[in-house]
Amino acid sequence: MANINNELEYINSMAANAPVELIEKSEERYKNIIDDISRRVCEDKGREIVMLAGPSSSGKTTTAKKLSEAFSQNGVKTYVLSLDDFYLDRDDIPLLSDGTRDFETVYALDLDCFQKTVNALLSGETVMSPVFDFTTGKRSADKFNKITLGESDAVIIEGLHALNPVITEKIRGKLLKIYISVSSRIYDGDKIVLNKRNLRFVRRMVRDYTFRNSTVDNTYKLWKNVMAGEDKYLFPYRDNADIRINTIHLYEPCVLKQRALELLGSDISEEFRKDAAKLRRALEAFVTIDPSLVPQDSLLREFLI
């Protein structure tokens, strides 16, 4: 990607000799992207719907939050909706051929409820947008987001399926479509040290363990279905995006390294041991940066305490 030096030698040199500068450059690049999008949206008039899609661990939550903050600072009141809140009750989720629930399919969402909610917003109506309770596997019975979209307000709708025509064709209004992902590999000469999915997996593994009390084995088990869902339900529609955001932060392997190596060195089942050993070798190539140097408002805080 332009303006990104994704070479291992450069990253390690900066990590060893100027870690704060490396962090600041990465954070500034991402901030500039957010600011550019904010200026574009705030120049328009009328209600704005921003559709924000990306694969697992791409940083959708932080990106939606930062876009919302930037819009608001430019005078556009902004709300954020997650497509996850429109899940059907767990017992109503379609089944895969093996009898398990297919949580990745767009048809796991209550499409009728979504369409009515968003189009009511665009009409200026006050809506009670649902909140999904992942503990019970059902939509909350007593918790809602009450929203009224003013004439110059914006709403950001984020989720895996936000670019899927099954979703976007149900919305009567102008849309700005954004696709985000880790879009750069890290190289050592001609050799790929970490590919894009490696980088996202490391983010997710550390996040799952830190925030969701999930083992590395469990993350590996889920990852296969996650990748299949991305291939089927996300990647075919990424070219529908008006804007693409590369959420790589070049210093991330350096700050995630220590915790990731600890987790990958833990008790891992035979099925995933070879992949874990390969990922360990890749991460060991990076100079370590103290995670305490990561700014509290960094996208990487989605994955780090």
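Just so you know, all these numbers are worked out from the coordinates, no wet-lab data involved. Keep in mind that this is a model prediction, so the values were computed, not measured. A quick note on method: Cβ atoms are made from the backbone with ideal geometry, for glycine too, and the neighbour counts reach across all protein chains shown.
Principal-axis analysis of the Cα atoms of the chain puts helix 60-73 at an angle of about 60° to the longest axis. Taking the C-alpha atoms only, the angle from helix 8-17 to the longest principal axis of the chain is near 80 degrees.
Annotation: aspartates and glutamates with alpha-carbon distance below 12 angstrom to K143 (same-chain offsets under eight excluded): D85, D133. The chymotrypsin sites (Phe, Trp or Tyr not before Pro) found in the range 210-285 include none that occupy coil by DSSP while having at most 14 further C-beta atoms within 10 Å. Tell me whether the range 51-97 comes out rounded, prolate or oblate; compute the Cα gyration tensor, take square roots of the eigenvalues as a ≥ b ≥ c, and use a/c under 1.5 as the rounded threshold. Prolate. When the Gaussian network model of the chain links Cα atoms closer than 10 Å, the mean-square fluctuations of V202, V193, V155 top out at V193. Computed over the chain with a Gaussian network model linking Cα atoms closer than 10 Å, the most mobile of N198, N225, N213 is N213.
For V131 and T61, calculate 0.36 nm times their separation in residues minus their Cα-Cα distance, and state this gained length in nm to one decimal.
Numbers: separation 70, 0.36 × 70 = 25.20 nm, distance 1.55 nm.
The span from V131 to T61 would gain 23.7 nm if fully extended.
Backbone phi angles across the range 129-141, fed through the Karplus curve with coefficients 6.51, -1.76 and 1.60 (θ = phi - 60°), yield HN-Hα couplings of 6, x, 10, 8, 9, 6, 6, 8, x, 9, 5, 4, 7 Hz in residue order; Gly and Pro are listed as x.
In this structure, the pairs whose alpha-carbon distance is over 22 Å, taken from K31/K60; K138/K174; K138/K232, are K138/K174; K138/K232. Between F286, F71, F144, the Gaussian network model of the chain with springs among Cα atoms under 10 angstrom shows the greatest mean-square fluctuation at F144. Per-residue ellipticity at 222 nm, computed for the chain from helices alone with -39500 (n - 2.57) per DSSP H run of at least four residues, works out to -13500 deg cm²/dmol.
What stretch of the chain, leaving out the sites themselves, is the longest with no GluC sites (Glu not before Pro) in a DSSP loop having at most 13 other Cβ atoms within 10 Å? Spell out each step's value before the answer.
Details: sites that count: E125, E151, E169, E284.
Of all site-free stretches, the longest is 1-124.
With axes computed from alpha carbons, what is the tilt in degrees of helix 19-43 against the longest principal axis of the chain, rounded to the nearest 10 within 0 to 90? Once rounded, the angle reads 20 degrees. Among residues other than A162 with Cβ under 9 Å from its Cβ, the summed charge is +1 (Lys and Arg +1, Asp and Glu -1). When a/c reaches 1.5 or more, the comparison of a/b and b/c decides; with that in mind, is the chain rounded, prolate or oblate per its Cα gyration tensor? Oblate shape, in that a/c is at least 1.5 and b/c is the bigger or equal ratio. Once you order the gyration tensor axes a ≥ b ≥ c over the Cα atoms, which shape class does the range 127-213 get: rounded for a/c under 1.5, otherwise prolate or oblate by comparing a/b with b/c? Note, shape of the range 127-213 comes out oblate.
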